[in-house]
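The values are calculated or read from the model by the stated rules, or taken from the named source; none is laboratory data. If you're wondering where the values come from, they're calculated on a predicted model, not measured in any experiment. Cβ: placed from backbone, ideal geometry, glycine included. Neighbour counts: every protein chain shown. Surface areas here come from the heavy atoms of the whole protein model, side chains and all, with no ligands, DNA or RNA. Shrake-Rupley method; radii C 1.70, N 1.55, O 1.52, S 1.80 Å.
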There are 2 protein chains.
Amino acid sequence: MLTQDVRNTLFDVADLNQLKTALNRLPEVDVGEFISDLSPERRAIAFRILQKDQAIGVFEYLPPEIQEELIGALHDTQVFQIVEAMSPDDRAELFDELPAGVVKRLLQRLSAAERQATAMILGYAEGTAGRVMTTEFVQLRGGLTVEEALNKIRLTDQDKETIYYAYVTDDNHKLVQVVSLRQLLFSLPNALIHDIASDRLIKTRTDMPQEEVAQLMKRYDLLALPVVDREDRLVGIVTIDDVVDILEEEATEDIQKLAGVSGGDEAALSPPWITIRKRLPWLVGVMGLYIGAASAIAPFQKVISLVPVLAVIMPIFSNTGGTVGIQALTVTIRGLGVGEVTPKDTLKILRKEILAGLGTALCLGLTMIALSLIWAAPQERWVALVAGTVMAMNVFVAVTLGTLLPMAMKRLKLDPALISGPLLTTMLDAVGFIIFLSLISFSLKVMHLNP
Amino acid sequence: MLTQDVRNTLFDVADLNQLKTALNRLPEVDVGEFISDLSPERRAIAFRILQKDQAIGVFEYLPPEIQEELIGALHDTQVFQIVEAMSPDDRAELFDELPAGVVKRLLQRLSAAERQATAMILGYAEGTAGRVMTTEFVQLRGGLTVEEALNKIRLTDQDKETIYYAYVTDDNHKLVQVVSLRQLLFSLPNALIHDIASDRLIKTRTDMPQEEVAQLMKRYDLLALPVVDREDRLVGIVTIDDVVDILEEEATEDIQKLAGVSGGDEAALSPPWITIRKRLPWLVGVMGLYIGAASAIAPFQKVISLVPVLAVIMPIFSNTGGTVGIQALTVTIRGLGVGEVTPKDTLKILRKEILAGLGTALCLGLTMIALSLIWAAPQERWVALVAGTVMAMNVFVAVTLGTLLPMAMKRLKLDPALISGPLLTTMLDAVGFIIFLSLISFSLKVMHLNP
């Protein structure tokens, strides 16, 4: 949020105290952005002049490659102070990026509790509740009074990611109840926790996929969701700020996969070689598919040279079929993504899409015939009827496949977004072209114009 | 989350007390889903047996058309109790859907404060901070002590959507500071609010678009964001649960617009006629575009009948160009959508995309030439060279347009997602086909095969 001008001025005056004062007044995320945009030398200087507490906060907002770079540029002690103060889930994320040797050295110096928390989080698979949870939460016993509970919360480390819920556990660390800070505040000081806490608990297991965690918290409007292990013991909580990030990440992945971008890792500002490396292998593959679909036309070259208007008509019904298919595909994938539909709705959706498909197919097919009639050479008008029919059929198949394929993927527990737009349109093209050209070829034979 | 079996059993035993007990134990959102899935008659019965507090909560989770239906089926007094107890932002949303007569009657019966709050929210444009904010928040004076502030919070209505932040205002209701419940809890009881509250305020204006509100709260990890009017007076707050919904809504809109679905209103489970009505007019328009692009081929029919392999090659480069263009378009639109890039990055992104485009164009063009050489009839191999060149050019133009068009839309303060995939591919097709066929035509002339 700082403009380039302020940036330059701050360094031009070379008054680091002034820079320090300016940065100290900014929110950590803005300081993080400011530092990320600097050159590596200036970056190390700017980071070193931050106050210790601010430096720790800012560090968590830096992108992994800059975190790694700074860890190389700072003294071991400075690095260690930052890493020790990070929350276990952010630390686990950093450790994923750092070279194994550095991680080992840092882990050895961590306190036993912090080391254990980080090791536990690193033990869960990426993209699960266990990996995005934090192990810092408020845990209470049911026998405490509200006053004792509030005092206990006051005494806990102020850095806990959330204190707005406290979790009540039994002797075996099993999660039994939840109480919000709001409930504590509104209750009599001598009331007992287990009397005011709620048994109506919404919780998740460590192995739940992060998108399901996000959907669950969204559904129940939760600020935090407790995570339990296989023995139902409380091991961590997922907080709402993580949910916001997960939802955006999952939406980006869906949207990019639909367009055939490999998803997740490519940002709009990635360097060009990353873009090429990410997209090219896939593009060559897709081109192969397109060539496969187009080669369905190759055997019909004689037909085309007899009726060249076919070359004009074919892209129209191929594009229209593709567009209709991608619409159905997009609505279905997004519906599955936001949890609005599940595989159990397959029949319901299929019925709807078949009806909608029939209606659309009829309208577009008739439009196609009408337009072709106006626009084809008189001796070629019979082609219009064939084109309209194939078009209607193509639209119908497109809508049905666009709906069924992602549903089938979901049923097979695969990612529905793997059915990308180009994959669907290629299938539609291949089938549509063969049927269309075969019909034309057959009609030519009937009319004794056998090619 | 209730299975169909439970549903049937609950009604089959016809024991409404049992149903009441069962529903009372469920979270409101689950009861809402259960009621939505019932037939209209059963729905009214199930809703009436809910306890009053639960009924109010459940009502806010019902879809607008079912809210409207229930309002018709319930007694005026019941309706009024529910509407009076709703939070002002949810009430405004409901009023948007109801017939004007019903709204007028309900508004007249509301208490002056509730009526004013609802009228204010309804006065802001849809999709702005003013429309999604709630007017229920905790407001403090700086001169209070922490103990007095906590007591004041205890005495406020427990239904306030969030009490985790309190806002400090001056004599003119101007927002001056913010203090979190956490800070209050961790401070000495006799400390003064204006000493512990923070001046580092992040706030928004009533007319800020909702997606920018969501991005702001995401950036600063806020649970609530204060909304001020033009005179900087505090008028409401936006809470994190709204942000989660806004982010999903905006992502769905982007993803649907890219596929050319008109966006927002169409759900995967909409009835077929809604689907047809939503998609058909646009599809006919797109088909018109496709026909326009294809008619670029029409004048070249003689060339095609001379060199029919063109009909095989053209779909390949049209599809490849389209795919590359949609990739660039998707990455740019999503980047703009999540606030990762802004129009000021246009030059940076253009440089990157031109480099990536050149690389991709070179690779794909060469692949195309190689494949065409293997696969064309010997006397048609010269076509391969032309095809490869046009393909490389097409890919380059596709990447550049896919990036620049949405950036230009954003600069013009229009929605970048209005540049949908089909629109881009049609433009690419029209230009690509004309250039390709003109080049082939020219080559034929040079080779004295003038058509």
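Structure values in brief
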{"read-out": "Computed FRET value (nearest 0.05) for B:ASP171 with A:LEU414, which takes r as the C-beta separation and R₀ as 56 Å", "value": "0.35"}
{"read-out": "Dipole magnitude (debye, nearest 20) for region B:294-444, charges at Cβ of Lys, Arg, Asp, Glu", "value": "360 debye"}
{"read-out": "Where labels lie 7 Å past Cα in the beta-carbon direction, separation of B:ARG233 and A:ASP37 in nm", "value": "3.6 nm"}
{"read-out": "Accessible solvent surface per residue of region B:138-241, calculated while the other protein chains remain in place, 1.4 angstrom probe, Å²", "value": "45 Å²"}
{"read-out": "Antiparallel DSSP beta bridges within the protein assembly as shown, percent to nearest 5", "value": "75 percent"}
{"read-out": "Spacing of the two label points (7 Å from each Cα toward its C-beta) at A:GLN81 and A:ASP15, in nm", "value": "2.5 nm"}
{"read-out": "Region A:4-123, relative contact order [Cα under 8 Å, separation at least 6], %", "value": "20 percent"}
{"read-out": "Fraction of antiparallel bridges per DSSP, chain A only, in percent to nearest 5", "value": "75 percent"}
{"read-out": "Neighbouring partner chain Cβ atoms per residue of B:344-352, average, 10 Å criterion", "value": "2"}
{"read-out": "Listing of region A:307-328 residues, each with accessible area lower by at least 50 Å² in the full protein assembly than in the chain alone (probe 1.4 Å)", "value": "A:PRO308, A:ALA311, A:VAL312, A:ILE316, A:ASN319, A:THR323, A:GLN327"}
{"read-out": "Protein-only accessible surface order, largest first, of A:TYR124, B:TYR61, B:TYR290 at 1.4 Å", "value": "B:TYR61, A:TYR124, B:TYR290"}
{"read-out": "7 Å along Cα→Cβ, label-point gaps from B:SER198 to other copies, nm, shortest first", "value": "2.7"}
{"read-out": "Total charge dipole magnitude, region B:4-123, about the Cα centre, Cβ charges on Lys, Arg, Asp, Glu only, Debye to nearest 20", "value": "480 debye"}
{"read-out": "Extreme residue, positive dipole direction of region B:138-241, given options B:SER180, B:LEU234, B:ALA191 (C-beta unit charges)", "value": "B:ALA191"}
{"read-out": "Amide hydrogen neighbours beyond the local backbone of B:VAL168, cut-off 5 Å, H modeled", "value": "B:LEU140, B:VAL176, B:GLN177, B:VAL178, B:VAL179"}
{"read-out": "Furthest towards positive pole of dipole, A:VAL307, A:GLY322, A:ILE349, structure part region A:296-446, Cβ charges", "value": "A:ILE349"}
{"read-out": "With DNA, RNA and ligands ignored, accessible area of B:ILE163 (1.4 Å probe; Å², nearest 10)", "value": "0 Å²"}
{"read-out": "Spacing of the two label points (7 Å from each Cα toward its C-beta) at A:GLN139 and B:SER443, in nm", "value": "7.3 nm"}
{"read-out": "Percent accessible area from carbon and sulfur atoms, chain A, protein chains only, probe 1.4 Å", "value": "57 percent"}
{"read-out": "Per residue accessible area in Å² of region B:296-446, where ligands, DNA and RNA are left out and the probe is 1.4 Å", "value": "37 Å²"}
{"read-out": "Interface burial for B against A (accessible surface, 1.4 Å probe, total of both chains, Å², rounded to 100)", "value": "10000 Å²"}
{"read-out": "Amide H within-cut-off set for B:GLY236, under 5 Å, with H built and near neighbours excluded", "value": "B:VAL227"}
{"read-out": "For A:ALA100, label point 7 Å along C-beta direction: distances to other copies, nm", "value": "7.3"}
{"read-out": "Charge-dipole axis of the protein assembly as shown as Lys and Arg at +1 and Asp and Glu at -1 on Cβ define it, positive-most pick from B:THR135, B:ALA92, B:GLN256", "value": "B:GLN256"}
{"read-out": "Förster radius 41 Å - calculated FRET efficiency between B:THR156 and A:ASN24, Cβ distance, rounded to 0.05", "value": "0.75"}
{"read-out": "Value of relative contact order over chain A, rounded to a whole percent, pairs C-alpha under 8 Å and six or more apart", "value": "11 percent"}
{"read-out": "Charge dipole (debye, nearest 20) of the protein assembly as shown; +1 at Cβ of Lys and Arg, -1 at Cβ of Asp and Glu", "value": "3160 debye"}
{"read-out": "Label distances, nm, B:ILE434 versus same residue in remaining copies, Cβ-directed 7 Å point", "value": "3.6"}
